[in-house]
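The values are calculated or read from the model by the stated rules, or taken from the named source; none is laboratory data. Everything quoted here is computed from the prediction, not taken from an experiment. All Cβ positions, glycine included, derive from the backbone under ideal geometry; neighbour counts span all protein chains shown.
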Amino acid sequence: MGILSFFSKYAFGSFLLALGISAAAQTDLSVTYQITPNHTGAIQTKGVTPPLAVKWSVAVVGTASYPIIADGMVFVIGGGSDSTPSTIYGLNGTTGATVWTQPIPEGFGSWIGAAYENGNLFVITTQTPPFDGGGIFAFAASDGHEVWSANMAGQYSFSSSPTALNGVVYTGGAGDGGTVYAVSEKNGETLWTGSVENGDSSNPAVTASGVYVSYACPQTYRFNPKTGKQAWHYSGPCEGGGGETVAVYDGLVYVRDLLDNYPTDGITLSASTGGVVGGFNSEYMPAFLGKTAFYTEADTLTAVNLSTGDTLWTAVASAGETYSCSPIVVNGVVYTGTSTGSLIGYRSATGKQVVSMNVGETISCGEYFPIPQAGMGAGQGLLVVPAGSQVVALQ
C-alpha cells in the first residue's frame with residue numbers, strides 16, 4: 001500500500017471556541033456529516049483559499065457520500081440502491097488513489113454514513129439479517145481492517161448516519177417506534193438507548209453535554225451523552241416517519257422538518273430547556289461562523305446576523321439552476337452546490353462571489369432517507385465535494 005501521506009494538523013483554538021467546541025478535542029478534521037459532531041459546517045484548514053483547482057477526482061460505484069477527512073485520508077461511501085454495491089473507499093488524500101475498500105457484507109443492505117474518531121471509522125448499515133436489529137461496524141482508518149461489528153437490537157429500519165465523540169458512537173433506528181443508540185467505540189457494546197418518535201433520518205448532533213435528534217412534525221429530543229437520560233422533548237402537533245438532522249450552535253438547536261402551520265421553515269430551541277426561541281427559513285442544513293448563520297433555500301443563500309436578526313447579504317442562484325446542497329464555511333468562504341454541478345463560493349462577510357466552477361455532475365445533498373448520506377466536507381488542506389458518482393478534491 002505504500003506510505004500514507006499525512007497532513008499536518010492545524011490548530012484554530014479561537015475559531016473552535018466560537019463554535020462552542022473544545023480546542024483540545026478537535027483538530028483539522030472532517031469527522032461526520034457537516035464536518036463537526038454538532039453539525040455546524042465550518043472549519044479552517046491550510047491550503048483551501050480561492051482560486052481553487054481540482055487536485056484529484058475519483059469515480060465510485062453508485063452515488064458518493066459526504067467525506068470523512070482524517071489521517072491523511074479521505075473516506076467516502078459509494079452506493080445507493082439494491083442493485084448498486086455499497087462500498088467504503090479509503091482514498092489517499094494526496095493522490096486520490098484507493099488505499100482500501102470495504103464492500104458491505106451480504107444481507108446488510110447498504111452503508112448509510114460514517115463517523116471518525118481515534119483512528120477508527122464507524123459505519124451504519126440499513127439493516128441486518130434476519131432484519132431484527134441494526135448493524136454497526138468499526139474499521140481501522142489506516143488499512144480498512146474490521147476492528148469489530150455489533151448489532152443494535154430493537155429496531156429494523158436504519159437511515160441515520162452516525163456521530164462519534166468522546167469514545168461513543170450515536171445513531172438512531174426505527175421500525176417499532178424509534179430508538180437512539182449510544183455504542184462504545186471500543187467494542188460495539190450498546191451503552192444506552194433512548195425512546196423517540198420515530199427514529200428516521202436524523203444524524204445525532206452531539207456536544208459534551210447533549211445528544212440532539214429531531215423527527216417529523218417535529219419531535220425533537222436532548223439526551224445526556226453519558227447516561228442516556230432524556231433532558232427534554234419538544235413535541236410538535238403530530239408524529240410520523242421521517243426526520244432531519246439538527247445543528248447545535250451558540251446555545252440553540254436548529255430544527256427543520258416542520259408542518260405547514262409553522263410560519264417559518266425551521267425553529268430554534270433552547271439547547272438547555274427545549275423551549276422555542278425563534279424561527280428561520282432554510283431548506284438545507286444551516287452553517288455558522290462567528291455571529292452569522294447561512295441559510296439556504298432552493299433559490300437563495302442568505303447570511304443572517306444572529307445577534308440582531310438582520311440580513312447581511314443574499315445570493316441568488318443563477319437562471320436555470322437551484323442550490324442543491326447544505327453550505328459549509330471554509331476559511332471564511334461559504335460554499336454550496338447547484339443542480340447543474342456548479343460549486344459556488346461566497347465571502348462570508350460580504351457575499352462577494354469568489355468561486356464558480358463546474359464539477360461535472362449535480363452536487364446533491366438531499367436529507368430525506370438518503371442512502372448514502374451526501375454533503376460536502378473540508379479538512380487537512382482539502383475541500384471535498386461529492387457530485388453524483390464523483391468525489392472531487394480541491395485545493
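Here SER160 fulfils each of the conditions (1) over 15 Å from PHE223 (Cα atoms); (2) touching a strand residue (DSSP E or B) at 6+ places or on another chain (Cβ under 9 Å); (3) surrounded by fewer than 24 Cβ atoms within 10 Å (Cβ to Cβ) apart from (3).
Let's see how each residue does on (1) closer than 29 Å to GLY241 by Cβ; (2) among the polar types (S, T, N, Q):
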site: THR296; (1), (2): yes, yes
site: VAL304; (1), (2): no, no
site: TYR335; (1), (2): no, no
site: SER342; (1), (2): no, yes
site: PHE369; (1), (2): yes, no
site: ALA374; (1), (2): yes, no
site: SER389; (1), (2): yes, yes
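You will find that of GLU239, GLU283, the residue that is within 20 Å of the chain's Cα centre (by Cα), surrounded by 15 or more Cβ atoms within 10 Å (Cβ to Cβ) and in a loop (DSSP other than H, G, I, E, B) is GLU283 and no other.
Restricting attention to the stretch 138-157 and to residues that are of a type outside the set (S, T, N, Q) and at pLDDT below 95, the residue that is farthest from ALA216 (Cα to Cα) turns out to be ALA153. For the stretch 242-256, the tally of residues that are touching a strand residue (DSSP E or B) at 6+ places or on another chain (Cβ under 6 Å) and outside any strand (DSSP E or B) stands at 2. Residues that are buried (at least 24 other Cβ atoms within 10 Å of the Cβ), β-branched (Val, Ile, Thr) and either in contact with a Pro (Cβ under 9 Å, 6 or more places away or on another chain) or free of Cβ contacts under 8 Å to residues at least 12 places away in the same chain (or both) within the stretch 192-212 comprise VAL206, VAL211, listed in sequence order.
Okay, residues lined up against (1) in a loop (DSSP other than H, G, I, E, B); (2) surrounded by fewer than 18 Cβ atoms within 10 Å (Cβ to Cβ); (3) at pLDDT 95 or above:
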site	(1), (2), (3)
SER318	yes, yes, no
THR336	no, no, yes
ILE363	yes, no, no
ILE371	yes, no, no
LEU383	no, no, yes
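Residues that are under 23 Å from the mean Cα position of the chain (by Cα) and surrounded by 16 or more Cβ atoms within 10 Å (Cβ to Cβ) were ranked within the stretch 298-316; the one that is nearest to THR220 (Cα to Cα) is LEU306.
For the criterion of being without any contact (Cβ under 8 Å) to a residue 24 or more places away in the chain and closer than 27 Å to ASN281 by Cα, THR245 fails.
Could you tell me which residue of the stretch 53-100 is surrounded by the fewest Cβ atoms within 10 Å (Cβ to Cβ), considering only residues that are of a type in the set (Gly, Ala, Ser), closer than 20 Å to GLY381 by Cα and free of Cβ contacts under 8 Å to residues at least 60 places away in the same chain? Of everything passing the filter in the stretch 53-100, ALA97 is surrounded by the fewest Cβ atoms within 10 Å (Cβ to Cβ).
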